[in-house]
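No value in this document is a laboratory result; all are computed from the given coordinates. The shown structure was predicted, so the numbers you read here are calculated from the model rather than taken from an experiment. Every residue, glycine as well, gets a Cβ built from its backbone with ideal geometry; the counts of neighbours run over all protein chains shown.
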Amino acid sequence: MKIRSAVLTTSVVAGLLAGQGVASAFTGDVTFYVPSLGACGQVSLPTDYVASLPASMFDPSPGGNPNNNKNCGRKIKVTRGANSVVVTVVDRCSGCKRGDLEISPTAFQQLAPLTAGRILATWVFVR
């Protein structure tokens, strides 16, 4: 009996993985920003490995207080080609569309030089 192989689309693979409890991956524009006091209530520096999550993925916050948001402190692994970096969510990005991220300059440099300004990358929440 001969079995034919099939090409699975990204959405099919994502659906299969989601059913197994594997986190969904996002693809979007990644830029860098200079972090300071973030929506999660902590002060971060440009040398910290931190990220700002799109408002559409960050909101809503319990009782309207972003310091209590379930995404605060979550780890994200960002990958571009063979390079990846893990960052911590500390802020909310009002100008980012779903799937985009802003990350600190130090984290961005693990993926591309700052002169790139904006890159396409894939990311996933990690435990």
**Item:** Charge context of Val86, other residues only, Cβ under 9 angstrom, K/R +1, D/E -1
**Value:** +2
**Item:** Exposure proxy ranking, count of Cβ atoms within 10 Å, fewest first, for Phe108, Phe32
**Value:** Phe32, Phe108
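Highest mean first, how do 35-41, 79-85, 98-104, 111-117 rank when packing is the count of other Cβ atoms within 10 Å averaged over residues? Walk me through the numbers on the way to the answer.
Values: 35-41: 18.0, 79-85: 13.9, 98-104: 21.6, 111-117: 12.1.
In descending order of packing, they fall as 98-104, 35-41, 79-85, 111-117.
Which net charge results when you count Lys and Arg as +1 and Asp and Glu as -1 among the other residues whose beta-carbon is under 13 Å from that of Pro35?
Neighbour charge sum, excluding Pro35 itself: -2.
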**Prompt:** What spacing in nm lies between the two simple spin-label points modelled at Gln110 and Ser36, each 7 Å away from Cα in the Cβ direction?
**Reply:** 2.5 nm
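Between beta-carbons, use under 15 Å as the cut-off and find the net charge around Asn69, counting Lys and Arg +1, Asp and Glu -1. Intermediate values should be presented prior to the final figure.
Numbers: positive: Lys70, Arg74, Lys75, Arg92; negative: Asp59, Asp91.
Once all neighbours under 15 Å are counted, the net charge is +2.
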**Asked** Ala55 label point, 7 Å along Cα→Cβ, cut-off 19 Å on backbone N: hits in segment 84-124?
**Response** 90-103
**Asked** What percentage of all Cα-Cα pairs in segment 47-127 are separated by more than 21 Å?
**Response** 23 percent
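Quick check: residue separation of Ala25 and Val126 times 0.36 nm, minus the Cα distance between them. What number comes out in nm? Kindly include the intermediate steps, with their values, before the conclusion.
Working: separation 101, 0.36 × 101 = 36.36 nm, distance 1.03 nm.
Net length gain for the segment: 35.3 nm.
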**Request:** May I ask you to derive the relative contact order of segment 74-121, considering only C-alpha pairs under 8 Å and at least 6 residues apart, and to give it as an integer percent?
**Result:** 36 percent
